[in-house]
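Below is one structure, written out as structure tokens; the observations come after it.
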Amino acid sequence: MRPDHSLDARYFDDVFASTDDPWSLASSRYEAAKFETSIAAINDRRYAACLEIGCAHGVFTQRLAQHCDTVTAVDISQRAVDLARVRNAASSNVLVERLAFPADVPAGRFDLIALSEVVYYWSDDDIARAAEAIRHVAAPGCRLLLVHWTGETDYPQTGDAAVTKLDAALGSVIVERADRHAEFRLDLWRLA
């Protein structure tokens, strides 16, 4: 049975308590392929400001920083934030903050918002709040990059349900890409 509430900071702090890389973000072929596909999807332009929600320990943050003037990377786990800061210490264009999005919303306006394997951790209510927060911080023409594992989860949402519900909560989005791969889906939207 799926939880009816968003997974909280304690859940993620517990995940990071036993290892610095609980999802093998820095070493797995799946993650490498997902990151390559993600960068290829957004690589047609440079971005002024990116918001990465759920940065974990900052592996994808490093990749985003090469395509953006600034990256604000946020995570709910303090341990993840500490690790992401160390990993991205040499990147002067990266700011890593501990925020519990969507309850906490960073300052600024962003023309790229990356949600890589994060929306399925949220309840229906938090998906609605996230849509409102995204609209609040999105610059005109903002792109949203969503990537979610499509296998079975014990999270509040499946990958497919998370994307469908965020789409409905945002209202009108322009779908630039909707790709299905063996183990994940990639959706690239532009806010209308």
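The values are calculated or read from the model by the stated rules, or taken from the named source; none is laboratory data. Given the structure is predicted, the values throughout are model-derived calculations rather than measurements. What goes into the accessible areas is simple: the full protein's heavy atoms, side chains included, and nothing from ligands, DNA or RNA. Shrake-Rupley method; radii C 1.70, N 1.55, O 1.52, S 1.80 Å.
Surface composition of the chain: carbon and sulfur make up 49 percent of the accessible area, probe 1.4 Å. Averaging the sequence gap over all C-alpha pairs within less than 8 Å and six or more residues apart, then dividing by the number of residues, gives the chain a relative contact order of 20 percent.
How much accessible area per residue does the chain have, counting only protein heavy atoms and a probe of 1.4 Å, in square angstrom?
The answer is 45 Å² per residue.
For the residues 180, 143, 85, a GNM of the chain with alpha-carbon springs under 10 Å puts the largest fluctuation on 180. Of the residues 76, 113, 42, the one that moves most in a GNM of the chain with alpha-carbon contacts below 10 Å is 42. Only helical runs count toward this figure. For the chain, summing -39,500 (n - 2.57) over DSSP H runs of n ≥ 4 and dividing by all residues gives -10500 deg cm²/dmol at 222 nm.
Among 170, 112, 144, which one shows the highest mean-square fluctuation when the chain is modelled as a Gaussian network with alpha-carbon springs under 10 Å? Taking springs between Cα atoms under 10 Å, the residue moving most is 170.
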